[in-house]
Amino acid sequence: MLLDALRADARLAEWLRDLEGEGPPRVEAVLPDADELPDVLLDLTVAHEHINELVALRARLAADPEAMTLLARCVGRFVRDMGEPGKGWEPPAFPESTGELGRCFHVYVFIAALPYVRAYHREHGVPEDVSRRTLADLGRHVAVHHRRLGTPGLLFPWWIALHFHGELFQLGRLQFQRARLGRRTGGAVAAAGLDLGPGDSCLSLHITDFRGPLTPSACDRSVALAREFFTRHYPDERYEVAVCHSWLLDPQLKRYLSADSNIIRFQDRFELVYQNKTPDDGVPIGFVFGDPELPVEKLPRRNSVERAVVDHLRAGGHWYGGQGWCAL
């Protein structure tokens, strides 16, 4: 059974005790039945090839009372503080020992949470197309799991939690997360003369894969959509700056890419505040090639970005994440 495997892991056993300490589930968690589930999955852009497996696993989940209670507890955590930035919940990925059901468990949690996040979107007047595209990121992350491991699942359930907690929205090419300025970035914004500082509202900007080139025009459109969206649907929140933390802000990329490349044009939008001191070469390898654990010596060099990542690493260099900000 699923919970037996979770209790065998010390970290997850503690996580379970924390959930169970809250008492009985506080909300109802209902899964679509086997006839309805395929349509729900397709609406979330889950690939057709995974539908049959997820429908079959739904029956196994529904037959496990302890697992269904856990599902309801997880949904309850999403509903609590719905829409409050920074108060969301980060569900952990389950280990291989939990099998197929553990690998896909959080997919069902998010499906059961759909009615609650959709109700929150309606309360804030979020257009149906924005709601649909935002929540469809679930299917994209199932595709990321499949690309890396060959099966459906979620590598980073904590990331999808932002979408299903009303904190993040897909607006064109980019995603925008309601967030707050940190100490260093807030200090840099204040030093630039803006009437903002640490703890003030900002939009954290994220770049998704499987959505085409990161062209300047696509980014301009997304930023324009974000300005209009948050002014209209969150009028009590002040969003004047965006922040971005990404390996794409590593200044070393300018040594390899032309000034008119999409990545360098994206970099130029931001004032760099700091770079991480610890390298993380797996991040660009994962984003560019699909798997952070691929050996550098076997990576292809088919385009300018692949050549930049690979040549830098083969020369003994490392890649570092950077944090920057820009005015909206």
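Rule-based calculations on the coordinates, nothing more; no lab input. Bear in mind that the values here come from a model prediction, so they are computed numbers and not experimental data. Here the Cβ is made from the backbone with ideal geometry for all residues, glycine too, and neighbour counts use every protein chain on show.
Report the one residue of ALA67, GLY21, VAL55 whose Cα lies farthest in the direction of the positive end of the charge dipole of the stretch 1-69 (charges on C-beta: Lys and Arg +1, Asp and Glu -1; origin at the Cα centre).
GLY21
Please identify every one of the trypsin sites (Lys or Arg not before Pro) in the stretch 104-213 that sits in a loop by DSSP and has no more than 16 other beta carbons within 10 Å of its own beta carbon.
Details: sites: ARG118, ARG122, ARG132, ARG133, ARG140, ARG147, ARG148, ARG173, ARG178, ARG180, ARG183, ARG184, ARG211; in loops: ARG173, ARG211.
Taking the stretch 104-213 and a limit of 16 other Cβ atoms within 10 Å, the loop trypsin sites (Lys or Arg not before Pro) found are ARG211.
Only helical DSSP H runs with n ≥ 4 go in: add -39500 (n - 2.57) per run for the chain, normalise by residue count and round the 222 nm mean residue ellipticity to 500 deg cm²/dmol. Please report the intermediate quantities before stating the final value.
On the way: 14 runs with 159 residues, N = 328.
So the calculated ellipticity at 222 nm is -15000 deg cm²/dmol.
Treating the beta-carbon of each Lys and Arg as +1 and of each Asp and Glu as -1, no other charges, what is the dipole magnitude of the stretch 1-167 about its Cα centre, to the nearest 20 debye?
320 debye
Where a Cα-Cα gap under 18 Å defines reach, which aspartates and glutamates qualify for LYS277, not counting those fewer than 8 residues away within the same chain?
ASP250
With +1 on the Cβ of every Lys and Arg and -1 on the Cβ of every Asp and Glu, and nothing else charged, how large is the dipole of the chain about its Cα centre, in debye rounded to the nearest 20?
Taking the Cα centre of the chain as origin, the dipole is about 960 debye.
Find which of ASN262, HIS124, LEU31 sits farthest along the positive direction of the dipole of the chain, computed with +1 on the beta-carbon of Lys and Arg, -1 on that of Asp and Glu, about the Cα centre.
ASN262
Which angle between 0 and 90 degrees, to the nearest 10, do you get for helix 216-233 versus the longest principal axis of the chain when only C-alpha atoms count?
60 degrees
Size of the dipole of the stretch 8-77 about the Cα centre, Lys and Arg at +1 and Asp and Glu at -1 on the beta carbon, nothing else charged, in debye to 20?
Once rounded to the nearest 20, the dipole reads 300 debye.
Counting only residues 5 or more places away or on other chains, whose amide H sits under 5 Å from the amide H of ASP281 once H atoms are built in the peptide plane?
Hits under the 5 Å cutoff: TRP319.
Once a ≥ b ≥ c are taken as the square roots of the eigenvalues of the Cα gyration tensor of the stretch 172-328, is the result rounded (a/c under 1.5), prolate (a/b larger than b/c) or oblate (a/b not larger than b/c)? Spell out each step's value before the answer.
Numbers: a/c = 2.28, a/b = 1.71, b/c = 1.33.
Prolate, since a/c reaches 1.5 and a/b exceeds b/c.
Going by amide H atoms built from the backbone, whose H comes under 5 Å of the H on VAL241, apart from near neighbours?
LEU203, LEU328
Around SER246, what is the net charge, scoring Lys/Arg as +1 and Asp/Glu as -1 over all other residues with Cβ under 13 Å from its Cβ?
Residues close to SER246 contribute a combined charge of -2.
Nearest 10 degrees, 0 to 90: what angle lies between the long axis of helix 10-20 and the longest principal axis of the chain (Cα atoms)?
Here the helix axis deviates by roughly 70 degrees.
Using the alpha-carbon atoms, what tilt in degrees (0 to 90, nearest 10) does helix 65-79 show relative to the longest principal axis of the chain?
40 degrees
With labels modelled as points extended 7 Å from the Cα through the Cβ direction, what inter-label distance (nm, one decimal) is found for ARG221 paired with LYS298?
3.8 nm
Specify whether the C-alpha gyration tensor of the stretch 1-145 places it in the rounded, prolate or oblate class, a ≥ b ≥ c being the square roots of the eigenvalues: rounded for a/c under 1.5, otherwise prolate if a/b is larger than b/c and oblate if not. Display every interim value, and only then the final one.
Numbers: a/c = 1.74, a/b = 1.19, b/c = 1.46.
Judged from the Cα gyration tensor, the stretch 1-145 comes out oblate (a/c at least 1.5, b/c at or above a/b).
What does the net charge come to around HIS145 if you take all other residues with beta carbon closer than 12 Å to its beta carbon, with K and R at +1 and D and E at -1? The partial results should precede the final answer.
On the way: positive: ARG103, ARG140, ARG147, ARG148; negative: ASP291.
Residues near HIS145 contribute +3 overall.
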